[in-house]
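This is the structure, below, for whatever I ask next.
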Amino acid sequence: MSVIDLWAVDSADEDTKTRILKESKFLNTFVFLNSAMGLIWASTMIYPNQREAEHSFPAFLFKKWFPHYSHFLGCAFNLTSFAMSFTIVAQGYQLIYGTQHVKFQMYIFNKFVEAICQDFIQSDEVGILSRPHQIEIELRLKVLIKRHQDIIRWKTTALANMKHLIVPFSFGGLLIGMSLLLGFLQITENSPAILFLRTVSFTIVAVSTFCSVITAGQTFETESENIYNTLISTNWYQWKEDNRKTLTIMLCNSINPISMRFTDSFIVNFRLGMGICKGVYSAASVFYKVK
């Protein structure tokens, strides 16, 4: 977050401050519970299972290639699950952390836009404001333009830093999705209960992380759209010509919403989420028919 200086929450009005604190508390609670569920999944991995080689591909390879050391290698591999429970969700948490922090800054930004001339608006709301007021509006507009550019620059820098991670991130997501499908397909009436608990706990972590990342990207984009809507709702007709031109520049900069667009077809929002869900459903149908 070094690209953008964060405005203090106390600089916003009470409603915005309460909204930010409420959403922050919800996010912290989600991360805690989701991480705890990841540790539960890791615990199921080290639980003794006599039929582990039937359900785990690494255990099968250990038993086939190193039969005398398969138990030791299996335990060592399963212990890495505790580290994996954090690394699997780390990239998603980073995206959530960054987008939500800047989204909170957009909350404050929009409130400042709404209040750009509320403290000296004329009672008739028709005439042009006086020269001292016009100067004050001009100064506030300059601050808001710089702030909006800071938000755009943060988005550009964040995408540049994460762009090289898209391929491994997508490949990892594909592997996780495939493992979930195979995990459910191998569950039968005779399967041990620990296998069901392992699959369910991992599914909860994967699905909740996926949904939270998609929601974070969509809410970030939606709030950036509100910037344009807030700007056009100002009393611009009471401003002088130069201030109206400055507002026009801000409108041109904000007409396109700020989104986490890695490529033309990879934008973190609900549309991407629906596309992935359709792909998972299609793959599940194929696996079910093959089974």
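Quick note: the coordinates plus some simple rules give every number you see, no bench work behind them. All figures in this text were calculated on a predicted structure; none of them were measured in a lab. Here the Cβ is made from the backbone with ideal geometry for all residues, glycine too, and neighbour counts use every protein chain on show.
Jot down the per residue volume, in cubic angstrom and as a whole number, of the convex hull over the alpha-carbon atoms of the range 205-255. Write down the numbers at each step before the final one.
Details: hull volume 2.9 nm³, N = 51.
Dividing the Cα hull volume of the range 205-255 by its residue count gives 58 Å³.
Note down the nm distance, to one decimal, between modelled labels 7 Å out along Cα→Cβ at Glu114 and at Phe32.
If labels sit at Glu114 and Phe32, their model points lie 3.0 nm apart.
Rounded, prolate or oblate for the range 1-45? Axes are the square roots of the Cα gyration tensor eigenvalues, ordered a ≥ b ≥ c, and the cut-off for rounded is a/c under 1.5. If you can, show how the numbers build up before the last one.
Working: a/c = 7.67, a/b = 2.25, b/c = 3.41.
Verdict is oblate for the range 1-45.
Something else: Taking the alpha-carbon distance from Lys278 and a cut-off under 26 Å, which lysines remain once sequence neighbours fewer than 8 residues away in the same chain are dropped?
Reachable lysines: Lys163, Lys289, Lys291.
Could you go through the range 24-34 in sequence order and give the Karplus-derived ³J(HN,Hα) for each residue, using 6.51 cos²θ - 1.76 cosθ + 1.60 with θ = phi - 60°, rounded to whole Hz, and x for Gly and Pro?
With the stated coefficients, the range 24-34 comes to 5, 5, 5, 5, 5, 5, 4, 4, 5, 5, 5 Hz.
Could you tell me which of rounded, prolate or oblate describes the range 156-291, using a ≥ b ≥ c as the square roots of the eigenvalues of the alpha-carbon gyration tensor, with rounded for a/c under 1.5 and, failing that, prolate when a/b is larger than b/c and oblate otherwise?
Details: a/c = 3.71, a/b = 3.14, b/c = 1.18.
Verdict is prolate for the range 156-291.
Helix 81-114 sits at what angle to the longest principal axis of the chain, using alpha carbons and giving 0 to 90 degrees rounded to 10?
Here the helix axis deviates by roughly 10 degrees.
Name the residues of the range 133-153 whose amide N is less than 20 Å from a point 7 angstrom out from the Cα of Ala8 along the C-beta direction?
Output list for this probe position: 143-144, 147.
Treating only the Cβ of Lys, Arg, Asp and Glu as charged (+1, +1, -1, -1), what charge dipole size does the chain show about its Cα centre? Round to the nearest 20 debye. Write out the running numbers ahead of the final one.
Numbers: 26 positive and 22 negative charges, 216 e Å.
In debye, rounded to 20, the chain gives about 1040.
To the nearest 0.05, what FRET efficiency results for Gln149 and Ala76 with a Förster distance of 35 Å applied to their C-beta separation? Show your work: numbers first, answer last.
Numbers: r = 51 Å, r/R0 = 1.46.
E between Gln149 and Ala76, to the nearest 0.05, is 0.10.
With each label point set 7 Å from Cα along the Cα-Cβ vector, what nm distance links Thr157 and Arg140?
2.8 nm
Let me ask something else about it. Please list 84-90, 197-203 highest first by mean number of surrounding beta-carbon atoms within 10 Å per residue. Don't skip to the answer; put the middle values down first.
Numbers: 84-90: 16.3, 197-203: 19.9.
The most tightly packed comes first, giving 197-203, 84-90.
Principal axis extents for the chain, Cα atoms only, whole Å, descending order, please.
Here the Cα extents, ordered largest to smallest, are 88, 36, 32 Å.
Report, to the nearest 10°, how far helix 270-290 tilts away from the longest principal axis of the Cα atoms in the chain, using its own Cα long axis and a range of 0 to 90°.
In the chain, helix 270-290 runs at an angle near 20 degrees to the longest axis.
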